[in-house]
């Protein structure tokens, strides 16, 4: 039987290397000050962290490296040992290898063994999907504590020798929008009254007959030298769809929980870019909600974003609070969100 509600005990995060500002990118890729102004105006991200040396193209930390650091922090903050973890779930769009699964490499480094592990292949919604899987398992009563991890390392797709002036817009945006990183959280049915309760989790595919808004490709020996690019983005489609999808997530969570808009104390909005986040939050119309965002300094690091936001939330929340988090995946259009409540 279930022991009690699922609570968020802690979060931990990890970033590779020093922050890289837009001027450093411009210098490396041969772009002028007008390009920097374009990034500042239409993207808004000031810095990002990359798991690659821009000067040499040498790879740095892997997803397993960053996931291990973030997970170790989360376990320490939760005062939970590796032996106490009953299930591990990782969400990522960019595993280090197709096999072995990166979740199992991280678990091995943490000295976690003999438990179920799951790796979810997904874009930004994968972070919420880890909560969906973990809370469902914890609710059965068979498990007590889950470690959920999310992160992405897209630097492996960086060509540090490319001249961005020759790159088409649908590919250009990837060089300034994204960053690398990982995050983790500990969920448990343990009685910790001060820890927020996970009240609702929503994940839903809504991409029927729709073209993907984002494509990220793996290549093998046969096709890696072909003409198809590794990453491309339909930013216009994303700009049109994500705010509406975000509003639908918030409306559904509020209806399911019978919460009023004015009751929401904290909002963790989608983090595609600073400019998009501003557009989305204004549309959501949550008048009392304090926005928690990280994308200005971390860049869009995919499945890590939610964990960076939760890390900030747990540092500042001290009294009763209602929290909504929203993540939208544009690759094949997935709506996702969380509701947390602290008594």
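The values are calculated or read from the model by the stated rules, or taken from the named source; none is laboratory data. Computed from a prediction, not measured in an experiment: that's the story for all the values here. Backbone-built Cβ (ideal geometry, glycine too); neighbour counts: all protein chains shown.
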Residue hits (segment 318-343; under 23 Å from residue 75 (Cα atoms) and in contact with a strand residue (DSSP E or B) (Cβ under 6 Å, 6 or more places away or on another chain)) are 323, 325, 338, 339, 340, 341, 342
Out of (1) crowded, with 16+ Cβ neighbours inside 10 Å; (2) outside any helix (DSSP H, G or I), what's the single condition that is false for residue 228? (1)
Expected single match for within 20 Å of residue 10 (Cβ to Cβ), outside any loop (DSSP other than H, G, I, E, B) and assigned by TED's automatic domain parsing to the domain that holds residue 307 among 133, 89, 201, 148 is 201
Does at least one position in segment 211-225 carry a residue that is in contact (Cβ under 8 Å) with a residue 40 or more places away in the chain, surrounded by fewer than 18 Cβ atoms within 10 Å (Cβ to Cβ) and more than 20 Å from residue 162 (Cα to Cα)? yes
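Residue-by-condition table, conditions (1) in contact with a strand residue (DSSP E or B) (Cβ under 9 Å, 6 or more places away or on another chain); (2) in the same structural domain as residue 296 (by TED's automatic domain parsing); (3) at pLDDT below 90; (4) not in a helix (DSSP H, G or I):
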residue	(1), (2), (3), (4)
1	no, no, yes, yes
11	yes, no, no, yes
25	yes, no, yes, no
35	no, no, yes, no
40	no, no, yes, no
50	yes, no, no, yes
56	no, no, yes, yes
65	yes, no, no, no
69	yes, no, no, no
Does residue 80 satisfy the criteria of being surrounded by fewer than 22 Cβ atoms within 10 Å (Cβ to Cβ), over 22 Å from the mean Cα position of the chain (by Cα), assigned by TED's automatic domain parsing to the domain that holds residue 51 and not in a helix (DSSP H, G or I)? yes
Residue that is farthest from the chain's Cα centre (by Cα) [pool: residues in segment 92-128 that are part of a strand (DSSP E or B) and surrounded by fewer than 24 Cβ atoms within 10 Å (Cβ to Cβ)]: 117
Are there any pairs, at least 6 apart or on different chains, whose C-beta atoms fall under 6 Å, with the first in segment 20-43 and touching a residue at least 60 places away in the same chain (Cβ under 8 Å) and the second exposed (fewer than 12 other Cβ atoms within 10 Å of the Cβ) and not in a strand (DSSP E or B), and if so, which? 30/163
Answer yes or no as to whether residue 140 is surrounded by 22 or more Cβ atoms within 10 Å (Cβ to Cβ) and out of contact with any helix residue (DSSP H, G or I) (no Cβ under 7 Å at 6 or more places or on another chain). no
